[in-house]
Amino acid sequence: AAAAAAAEHGCGPRSSALVCGHTEWHESLARRLARLKHADACELFPTGFAANAAVLGALATSPGCAIFSDALNHASIVDGARLAAKGAGAALHIYRHNDLAHLERLLSASAAPRKLIVSDSVFSMDGDAADAAGLAALRDRHGALLVLDEAH
């Protein structure tokens, strides 16, 4: 099977579209993921930076939005949040690492009609994990959106 695939598709880097270009394999993966999630379509991003810039930019669309980001989020989240906030004129708040009490105070103090909490699920530099259940509870209590980056 591997020899047949190499003969048909060639060999070389087979990775993200950034490395090898968008291929039929990427398209097949997107279709399969969409079916798995019972969605009309699926968007694949070539890098974590591209994903965070696109997702956060799409969710933070106005000055009425406030973004709440963990202090130890990956650089791609930090950059995506900064770009989204600047582009929309949204407020950007940084809460102390894994400090849900601090996040609660920031959320409570914000009058923004749209609140977006963003966090890594696993923090790559320290290896610790976000309290996803706690973040979800704050999301529900404050009517916020929650974005968890599952890259690690």
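The values are calculated or read from the model by the stated rules, or taken from the named source; none is laboratory data. Worth saying up front: this structure is predicted, and the values here are computed from it rather than measured. For the accessible areas, the whole protein counts, side chains as well, though only heavy atoms, and no ligand, DNA or RNA atoms are used. Shrake-Rupley method; radii C 1.70, N 1.55, O 1.52, S 1.80 Å.
Can you give me the angle between helix 24-36 and the longest principal axis of the chain, using Cα atoms only, in degrees from 0 to 90, rounded to the nearest 10?
So the helix axis and the longest Cα principal axis differ by about 50 degrees.
Per residue of region 140-147, in order, report the coupling 6.51 cos²θ - 1.76 cosθ + 1.60 (Karplus, θ = phi - 60°) as ³J(HN,Hα) in whole Hz, putting x for Gly and Pro.
Karplus values, whole Hz, x for Gly and Pro: 5, 5, 10, x, 9, 9, 10, 10.
Kindly report, to the nearest 10 Å², the accessible surface of residue 28 as traced by a 1.4 Å probe over protein heavy atoms only.
Surface open to solvent at residue 28 totals about 30 Å².
Can you give the angle from 0 to 90° between the axis of helix 48-59 and the longest principal axis of the chain, with both taken from C-alpha atoms, to the nearest 10?
That works out to roughly 50 degrees.
Under a 1.4 angstrom probe, counting protein chains only, how are 70, 140 ranked by accessible area, largest first?
These residues rank, largest area first, as 140, 70.
Could you tell me the accessible area of residue 27 in Å² (1.4 Å probe, neighbours in place), rounded to the nearest ten?
Using a 1.4 Å probe on the heavy atoms, I get roughly 80 Å².
Using Cα pairs closer than 8 Å and at least 6 residues apart in sequence, work out the relative contact order for region 35-139, in percent.
Relative contact order comes out at 27 percent.
Quickly estimate the mean residue ellipticity at 222 nm for the chain, helices only: each DSSP H run with n ≥ 4 gives -39500 (n - 2.57), and the total goes over all residues, rounded to 500.
The helix-only estimate for the chain comes to -14000 deg cm²/dmol at 222 nm.
Per residue of region 115-120, in order, report the coupling 6.51 cos²θ - 1.76 cosθ + 1.60 (Karplus, θ = phi - 60°) as ³J(HN,Hα) in whole Hz, putting x for Gly and Pro.
10, 10, 9, 10, 8, 5
Mind checking the angle between helix 100-109 and the chain's longest principal axis? C-alpha axes, 0 to 90 degrees, to the nearest 10.
Tilt relative to the chain: about 70 degrees.
Below 8 Å between Cα atoms, with a sequence gap of 6+, how large is the relative contact order for region 80-152 in percent?
Once normalised by length, the contact order is 29 percent.
Quick check: at a probe of 1.4 Å, how many percent of the accessible area of region 51-152 sits on carbon and sulfur atoms?
Its accessible area is 57 percent carbon and sulfur atoms.
For volume of the Cα convex hull per residue in Å³, several values are listed as [x] 123; [y] 140; [z] 104; flag the one computed from this structure.
Of the listed options [x] 123; [y] 140; [z] 104, [y] comes from this structure.
Quick one: among 82, 141, 35, which has the greatest mean-square fluctuation in a GNM of the chain with alpha-carbon springs under 10 angstrom?
35
Short version: ³J(HN,Hα) in whole Hz for each residue of region 81-87, in order, from phi by Karplus 6.51 cos²θ - 1.76 cosθ + 1.60 (θ = phi - 60°), x for Gly and Pro, what are they?
So the Karplus estimates, Gly and Pro as x, are 5, 5, 5, 5, 5, 5, x Hz.
Taking amide hydrogens as modeled 1.01 Å from N in the peptide plane, which residues meet the under 5 Å criterion relative to residue 68, leaving out close sequence neighbours?
Result for residue 68 returns 93, 116, 117, 118.
Over region 1-121, average the accessible area per residue using a 1.4 Å probe and give it in Å², no decimals.
Here the per-residue accessible area is 57 Å².
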